[in-house]
Ligand SMILES: NC(=O)c1ccc[n+]([C@@H]2O[C@H](COP(=O)([O-])OP(=O)(O)OC[C@H]3O[C@@H](n4cnc5c(N)ncnc54)[C@H](O)[C@@H]3O)[C@@H](O)[C@H]2O)c1
Ligand SMILES: [Zn+2]
Ligand SMILES: [Zn+2]
C-alpha cells in the first residue's frame, strides 16, 4: 500500500510500505476513506515532537471501512464504516476508567506518533472497540473527519476546562482549526462575547462568520491592550490559548479577569514565563490538557442533528496520493486561505 512516511524534520515521502495486519486480538485494520492534516503534524515536521522517528507513517484523524478485525473485537465487523479517534483507549486501565483516555496505559495519542497513522491507504487501530465510532448515515463524511481531533480538542481542552458559562466574555487566541472548533463549541454555553485573536485576516473573517463578536489582528494591533479596552479594563472570564507559542500565552495572562480561567490547548515546544508577580492576587485557574475524546459521542450527536456544523472549517480537498501538495497548502495556510484540508482515497485499492 501507499502511505506518507516521515523521514526526519522537514522531510516526508509518499512511499510503498507493507499493508498493516491484525497483530493483537483487540486490533482492527481500517481502509482509509478520508483523512486530514493537523497543526500537530506541522509541529512534528518542525522537529518539535522528537518521539516521532524516521519511518513513521503520519496522521491521527480520519474515517474508513473496517477491513479486518481481531478475535476479541466485538463492536465492529468487516465492512462497517467508522470514525477513527486520534486517541487510542483500552477502556480498562485506571486512566481509562477515569475517562482520561489520553493517558491510557496502553494507548493515548499514539497514532502517527508512536505507531503508524492514518495518512495511508490502511491503518491498524489497537483497542478498536474503544477507539473507533460507528459512522452515522446521511451526514457529510468530510464533516465527520472534524470529530477525530479538532472538535473534541477545542471543546474539552478549551471550552470545558475553561468552564465557559452563559453571559461570559471569552477570548480565543489562535483561529486555526482548533481555535475555531473552540469558537463553535463555546456557543453551546451561550457566552455573551466571543473575542478572537490571530495574525491571519482570512481566519479572523472566518471567525466572525462562525460567531466571533469581535476580532483583533495581533500582527497589526496590540491584542491585549485592545481586549482590555473592549472590556473596560476588566479582562475576560475565559482565555483559550490555541497556538502554542510564548507570545500567545502572554496575551492570555494579560487579559484574564480576576476569577477567570486560562485554558491552554497549544502544543508548546519552549518554556513560557508565568507572571505570578501579577496573577497571585487574581484567583485565576490555569488548565492544560491533551484531548481525551470522551466528548466524541456527544459531539457526533450534535453534528448529526445539525446543531453543530463543522463544514465551514474545510477549505480544500485533495486526493490522498497528493498528500505532499496538501501539506504545502496547509503549511502556508495564510497564502492559500486554508483551514482543514480533506484527503480522499478514491478506491482505497
Ligand atoms: N492539547 C491537545 O490535545 C491538542 C490537540 C490538537 C492540536 N493541538 C494544538 O493546538 C494548536 C492549534 O492547532 P491548529 O491545528 O489550529 O494549528 P494551526 O497552526 O492551523 O493554527 C494556529 C493559528 O495560530 C495563529 N498564530 C500563530 N502565531 C500567532 C501569534 N503570535 N499571535 C496570534 N495568532 C498566532 C496562526 O495564524 C494560526 O491561525 C497547535 O499548537 C496544535 O499542536 C493540541
Ligand atoms: Zn491533531
Ligand atoms: Zn486504558
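Every read-out reported here was derived from the displayed coordinates using simple, explicitly stated rules and does not represent laboratory data. Note that the coordinates shown come from a computational prediction; the quantities given were computed from them, not determined experimentally. Cβ sites come from the backbone with ideal geometry, for glycine too, and all protein chains shown count toward neighbours.
Quick notes
- Distance between the range 106-183 and the range 20-63 - C-alpha centres, whole angstrom: 14
- Pairwise centroid distance, computed over Cα atoms, of the range 307-349 with the range 193-247, Å: 25
- Extension gain for the segment residue 77 to residue 234, taken as residue separation times 0.36 nm less the Cα-Cα distance, is 51.0 nm to one decimal.
- Rounded to the nearest 10 degrees, the angle from helix 246-255 to the longest Cα principal axis of the chain is 50 degrees.
- Residue exposure sequence - 274, 343, 114 - by fewest surrounding Cβ within 10 Å: 274, 114, 343
- Expected-Rg normalisation [2.2 N^0.38 Å, Cα atoms] applied to the range 151-287: 0.92
- Segment residue 317-residue 335, extension gain: residue separation times 0.36 nm, minus the distance between their alpha carbons: 4.9 nm
- For the pair residue 208 and residue 245 in one chain, pulling the backbone fully straight at 0.36 nm per residue adds 11.0 nm over the alpha carbon distance.
- Inter-label distance for residue 220 and residue 305, nm, one decimal - labels placed 7 Å from Cα along Cα-to-Cβ: 4.0
- Ranked 265, 314, criterion: other C-beta atoms within 10 Å, fewest first: 314, 265
- Residues of the range 127-161 with an amide N closer than 17 Å to a point placed 7 Å from the Cα of residue 298 along the Cα-to-Cβ direction: 147-161.
- For the chain: relative contact order, % (alpha-carbon pairs under 8 angstrom, 6 or more apart): 18
- Computed over the range 151-287: relative contact order in percent, which uses C-alpha pairs under 8 Å that are six or more apart: 25
- Helix-derived mean residue ellipticity, 222 nm - over the chain, DSSP H n ≥ 4, -39500 (n - 2.57), to 500: -6000 deg cm²/dmol
- Residues 180, 160, ranked from the fewest to the most other C-beta atoms within 10 Å, line up as 160, 180.
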